[in-house]
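> Handing you a structure now.
The values are calculated or read from the model by the stated rules, or taken from the named source; none is laboratory data. Just so you know, these numbers come straight off a predicted model, no measurement behind them. Because the Cβ atoms are built from the backbone with ideal geometry, glycine has one as well, and the counts that use them run over all protein chains shown.
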């Protein structure tokens, strides 16, 4: 699947999730990468307060979490707002051509759609037509659009001001949208053989799991190491729905056994001990 903003091909990318939890605190790490390769790798790290993105397309910090989900998607303007707040990160630069295009749309039909009529419509069209002559230069445009003596009494947000986004940021936005699309449509291909849960070493949780009936997952091969604190299930042949059901059952047992145990989930194709 190619990104709608950039044309980057994500068809070979696989989405996997690690969740780290301690008491009521949780960190979710979404990996989006080509298996056995770090090319075009993107990592989304969500805490309860921020989203941090790392990988081949730069490091970015947003002042609220954005977790991939069925209903998730990137709203460019809102995300950029959360990128700029209390931050010196620069998401892009002024785009005179795009700004002029948006102004022309207002002149052609947008003003009527906003309810302008008669003399008021005529004055607004004259003002925006004059504003078009300044779009080539950011500083002149900003002065006339927001500080000019003849500026009409309209909200600042309604005056077009377009930006060229950093191309890396566009790729990241496309990647997030692609992950959410796959979650919604259920077409993620799980190519890993093992689901691995790491817990506090010597906690005894692996022994507890081995003695518990796992219902639909009872026949699933399970290996654990109490001393090192890992448990591994062979999920070959499991689709994403079954994997999520398995994780929910494991977490239910975790809550019953000792909810204060720190844990994390990951995927692997390796059979050796962790």
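Condition check ((1) within 28 Å of the chain's Cα centre (by Cα); (2) exposed (fewer than 14 other Cβ atoms within 10 Å of the Cβ)) across all residues:
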| site | (1), (2) |
| --- | --- |
| 68 | yes, no |
| 75 | yes, yes |
| 82 | yes, no |
| 94 | yes, no |
| 97 | no, yes |
| 120 | no, yes |
| 124 | no, no |
| 128 | no, no |
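> Something else: Checking the conditions here, which among 107, 103, 172 is under 36 Å from the mean Cα position of the chain (by Cα) and in the same structural domain as residue 16 (by TED's automatic domain parsing)?
172
> How about region 115-137: which of its residues are over 21 Å from residue 163 (Cα atoms) and in contact with a helix residue (DSSP H, G or I) (Cβ under 8 Å, 6 or more places away or on another chain)?
If the condition is that a residue be over 21 Å from residue 163 (Cα atoms) and in contact with a helix residue (DSSP H, G or I) (Cβ under 8 Å, 6 or more places away or on another chain), then 116, 121, 124, 125 are the ones that fit.
> Among the numbered criteria (1) farther than 17 Å from residue 266 by Cβ; (2) not in a strand (DSSP E or B), which one does residue 61 miss?
(2) is the only condition that residue 61 fails.
> Based on what the data block shows, is residue 78 outside any strand (DSSP E or B) and touching a residue at least 60 places away in the same chain (Cβ under 8 Å)?
It is false that residue 78 is outside any strand (DSSP E or B) and touching a residue at least 60 places away in the same chain (Cβ under 8 Å).
> Another question, if that's okay. Only one of (1) touching a residue at least 24 places away in the same chain (Cβ under 8 Å); (2) surrounded by 15 or more Cβ atoms within 10 Å (Cβ to Cβ); (3) more than 30 Å from the chain's Cα centre (by Cα) is not met by residue 116, so which one is it?
Failing condition for residue 116: (1).
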